[in-house]
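Engineer: Below is the structure I would like to discuss, written out as structure tokens.
The values are calculated or read from the model by the stated rules, or taken from the named source; none is laboratory data. Since the model is a prediction, treat every value here as computed from it, not as a measurement. Every residue, glycine among them, receives a Cβ derived from its backbone with ideal geometry; neighbour counts consider all protein chains shown.
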Amino acid sequence: MRGKRQPIPKVLTKIAGLDEILEGGLPRGRTTVVSGGPGSGKTVLGLEFLCRGAMAGEPGVFVTFEERAEAIRLNASAMGWDLAALEKAGKIAIIEARLPGEEIVSGDFDIQGLLAIVDGHVKRIGARQIVMDALDVLLRIYDDFKHERNELSRLHDWLTDRGLTSVLSVKTRHDDNQGSQYEFLDFMADCVIRLDHRVLGQVATRRLRVIKYRGSGFGTNEYPYVFGERGIVLFPLTTAELTHQPLGTKVSTGLKGLDLMLEGGFRRASCVLISGNSGTGKTTLASTFARAACQRGERVLYLNFEESKEAMISGMLSPGIDLRPSLDDKTLLVQTAMPESTGSDNHLNRVMETIASFKPDHLILDAVSACVRMGSKQAAFDFMMRLVSVVKEHGITSILTNQISSGVANSDEELSGIGFSSVVDAVVQLRFVETDEELIRQMLVVKSRGSAHSSRRQSYVITDRGIEFPDTPHPPPGRAGKVRRKDGGK
Amino acid sequence: MSKASLAKPRARKSPPGHYLLRLFMAGNGSNSQKALANLHRLCQEHLEGRYTIETVDVVQDFEAAVRDNILVTPALILVAPLPRVVVLGNLSDAPTVLAALRVSEGNHE
């Protein structure tokens, strides 16, 4: 990609997202240590690396110190990998290296036996990659640190001498402050990856971090990951490398009046925030946009975290927005979910899978305010940052609605509730204004990046024909004179 | 030095009271050589006339190591009399080895 240093040879893991974080994969012919607590996915990571390699014709050996080979095969088949077939084809060898457990020790010993077994299998299938899963179990037989260290060195040298690309996984305890336990292993390895499984706001989340990578750059953040249907899925979000599409041409909002205020509409691939109190018509406005886009033959993915699909479709009939034809001709896809049903990473994975299969032109998220129920503000923030980022990379317009609880919000920060104004390109604010006689709704374009916009509050009503403006909205000021205006000035 | 055979009559039935010992070694690594020497000495001292030692070199025969699930060497398996026992290490600690093999130090059963 970019930032070329002396490139070291690497092997792609083919695990979704991981190769980007590792800037091209694992160090070829060298040792990588993967550590993490129970349930963090060390085994799956190793297994996936090996299986994907084997399926691409690269034979590999899997040494398991803890689980039975049968359990490993089951594990793999749950992800859609047929280990037994790969074994049969001589692409994978599984070595069950389970210590008997009741052995008696008298004097010095070493792991020559293991190495001989491994060597036999490596030669038999011509393996160039190897995974040793739960190495900590093997290390338990050493009662002194020096001995353990010598054996690890021996193992490391042995693997390196044979030019094997190796993944050694070790279990760390939950209470371990990560690192002290197997410090030597980390020191010895060329690449160290930590998996972390923690609970945030009652929702389990998983994070991957690369601790070191000799001779290579790597993504230094913590990356969320989930177990998708086909293995591990990571969501690298390297803000340093934003590859967003430039904002595109104008796309109609579906409302003539709002198009006027925005000098033609939203920009394609931009992120638009529609914010307002309950009842101001956020969903109506979003649905208006969706219907218009679908009628033009564009595809809209509507994510609804607030209500069921049926409730939403019938609810939109009263302001005269019939989304059913769009559902029928499959230009509209409504995906609903309870935010608290699973962690934000799983939500994200689900949306990603839908985006990949449905290929929408526009995405509507209703509502940002509900996403906090995925666990925490941080979880909601991660979810949205990653979603909007990916969506932008694909040139998809995103419309986010956000319900604000009370009063008038002044800034994007407050509007979005969780402060991600930097990715928001346009903000449309809806609000109620009370007069002596009535409650009036007003619409205001607070910001619109890369485009002029009206800065007047425009009254509107919601009728059975949708959103209407009693007075023709004002176009942006000074169309001729080019009046400069700071964004978000109000 | 007596009945060190090279791992052939594996499934043979031993007469009662006869010890069948299988020693897994790794080439001529120093621990393996020590283990072999220690084992011979212990057997001669305590099991004179009623033991057989088989040696297996895992470097030559990794399948044998797979069969007996031997990951570390040297490793001694007491094949008979049952129950089977595994002792890891160069067998330098005689009392531990004898206890594991259920041989009383006072000699003869």
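Engineer: Being away from chain B (no Cβ under 12 Å), touching a His at 6+ places or on another chain (Cβ under 8 Å) and either closer than 29 Å to B:Leu88 by Cβ or among the acidic types (Asp, Glu) (or both), is that true of even one residue in the range A:76-83? Working first, answer last.
Structural biologist: Filtering the range A:76-83 for residues away from chain B (no Cβ under 12 Å) gives A:76-83.
Within this subset, residues satisfying the condition of being touching a His at 6+ places or on another chain (Cβ under 8 Å) are none.
There is no residue in the range A:76-83 that is away from chain B (no Cβ under 12 Å), touching a His at 6+ places or on another chain (Cβ under 8 Å) and either closer than 29 Å to B:Leu88 by Cβ or among the acidic types (Asp, Glu) (or both).
Engineer: While we're looking at this one, here's another question. Scan the range A:129-168 for residues that are more than 13 Å from B:Leu71 (Cβ to Cβ) and among the hydroxyl-bearing types (Ser, Thr, Tyr) and jot them down.
Structural biologist: A:Ser153, A:Thr160, A:Thr165, A:Ser166
Engineer: Now for a separate question. Among (1) surrounded by 17 or more Cβ atoms within 10 Å (Cβ to Cβ); (2) within 14 Å of another protein chain (Cβ to nearest Cβ); (3) more than 15 Å from A:Asp110 (Cβ to Cβ); (4) at pLDDT 85 or above, where does B:Asp68 come up short?
Structural biologist: So the condition that B:Asp68 fails would be (4).
Engineer: If you check B:Leu76 against the conditions, is it surrounded by 15 or more Cβ atoms within 10 Å (Cβ to Cβ), within 11 Å of chain A (Cβ to nearest Cβ) and outside any loop (DSSP other than H, G, I, E, B)? First the steps, then the outcome.
Structural biologist: Numbers: surrounded by 15 or more Cβ atoms within 10 Å (Cβ to Cβ): yes; within 11 Å of chain A (Cβ to nearest Cβ): yes; outside any loop (DSSP other than H, G, I, E, B): yes.
It is true that B:Leu76 is surrounded by 15 or more Cβ atoms within 10 Å (Cβ to Cβ), within 11 Å of chain A (Cβ to nearest Cβ) and outside any loop (DSSP other than H, G, I, E, B).
Engineer: Assuming B:Leu98 fulfils every condition listed in (1) more than 7 Å from every other protein chain (Cβ to nearest Cβ); (2) in a loop (DSSP other than H, G, I, E, B); (3) within 24 Å of A:Asp143 (Cα to Cα) apart from one, which condition is it?
Structural biologist: That leaves (2) as the condition not met.
Engineer: With respect to A:Arg124, determine if the residue is at pLDDT below 85, surrounded by fewer than 20 Cβ atoms within 10 Å (Cβ to Cβ) and within 14 Å of chain B (Cβ to nearest Cβ).
Structural biologist: Details: at pLDDT below 85: no; surrounded by fewer than 20 Cβ atoms within 10 Å (Cβ to Cβ): yes; within 14 Å of chain B (Cβ to nearest Cβ): yes.
In short, no.
Engineer: Hey, another quick one. Cβ-Cβ distance below 9 Å, separation of 6 or more or different chains: which pairs start in the range A:78-97 with a residue that is in the same structural domain as A:Leu47 (by TED's automatic domain parsing) and end on one that is buried (at least 23 other Cβ atoms within 10 Å of the Cβ) and acidic (Asp, Glu)?
Structural biologist: A:Met79/A:Glu48; A:Trp81/A:Glu48
Engineer: Same structure again: Output yes when any residue across the range B:32-54 is part of a loop (DSSP other than H, G, I, E, B), within 9 Å of chain A (Cβ to nearest Cβ) and in contact (Cβ under 8 Å) with a residue 24 or more places away in the chain, and no when none is.
Structural biologist: Let us first name the residues in the range B:32-54 that are part of a loop (DSSP other than H, G, I, E, B), namely B:47-50.
From what is left, the residues that are within 9 Å of chain A (Cβ to nearest Cβ) are none.
Scanning the range B:32-54, I find no residue that is part of a loop (DSSP other than H, G, I, E, B), within 9 Å of chain A (Cβ to nearest Cβ) and in contact (Cβ under 8 Å) with a residue 24 or more places away in the chain, so the answer is no.
Engineer: Given the condition modelled with pLDDT under 85 and within 11 Å of the chain's Cα centre (by Cα), answer yes or no: does some residue in the range B:4-22 qualify?
Structural biologist: Keep residues of the range B:4-22 that are modelled with pLDDT under 85, which gives B:4-17.
Next, from what is left, pick out any that are within 11 Å of the chain's Cα centre (by Cα): B:4.
Yes, the range B:4-22 contains a residue that is modelled with pLDDT under 85 and within 11 Å of the chain's Cα centre (by Cα).
Engineer: Continuing with the same structure: I need the full set of residues from the range A:64-98 which are of a type outside the set (A, V, I, L, M, F, W, C), surrounded by 15 or more Cβ atoms within 10 Å (Cβ to Cβ) and under 17 Å from A:Ser169 (Cβ atoms), in order please.
Structural biologist: Hits for the range A:64-98 are A:Thr64, A:Glu66, A:Glu67, A:Asn75, A:Glu96, A:Arg98.
Engineer: Could you go through the range A:103-120 and let me know if any residue there is touching a residue at least 40 places away in the same chain (Cβ under 8 Å), buried (at least 17 other Cβ atoms within 10 Å of the Cβ) and within 37 Å of the chain's Cα centre (by Cα).
Structural biologist: Yes, because at least one residue in the range A:103-120 is touching a residue at least 40 places away in the same chain (Cβ under 8 Å), buried (at least 17 other Cβ atoms within 10 Å of the Cβ) and within 37 Å of the chain's Cα centre (by Cα).
Engineer: If you don't mind, there's one more thing I want to ask. Is one or more of the residues making up the range A:16-34 exposed (fewer than 14 other Cβ atoms within 10 Å of the Cβ) and either among the hydroxyl-bearing types (Ser, Thr, Tyr) or more than 22 Å from A:Pro236 (Cα to Cα) (or both)?
Structural biologist: Start the filter on the range A:16-34 by keeping residues that are exposed (fewer than 14 other Cβ atoms within 10 Å of the Cβ), which leaves none.
Looking for residues that are exposed (fewer than 14 other Cβ atoms within 10 Å of the Cβ) and either among the hydroxyl-bearing types (Ser, Thr, Tyr) or more than 22 Å from A:Pro236 (Cα to Cα) (or both), one finds none in the range A:16-34, hence no.
Engineer: What are the residues in the range B:79-95 that are more than 8 Å from chain A (Cβ to nearest Cβ) and part of a strand (DSSP E or B), if any?
Structural biologist: B:Val79, B:Ala80
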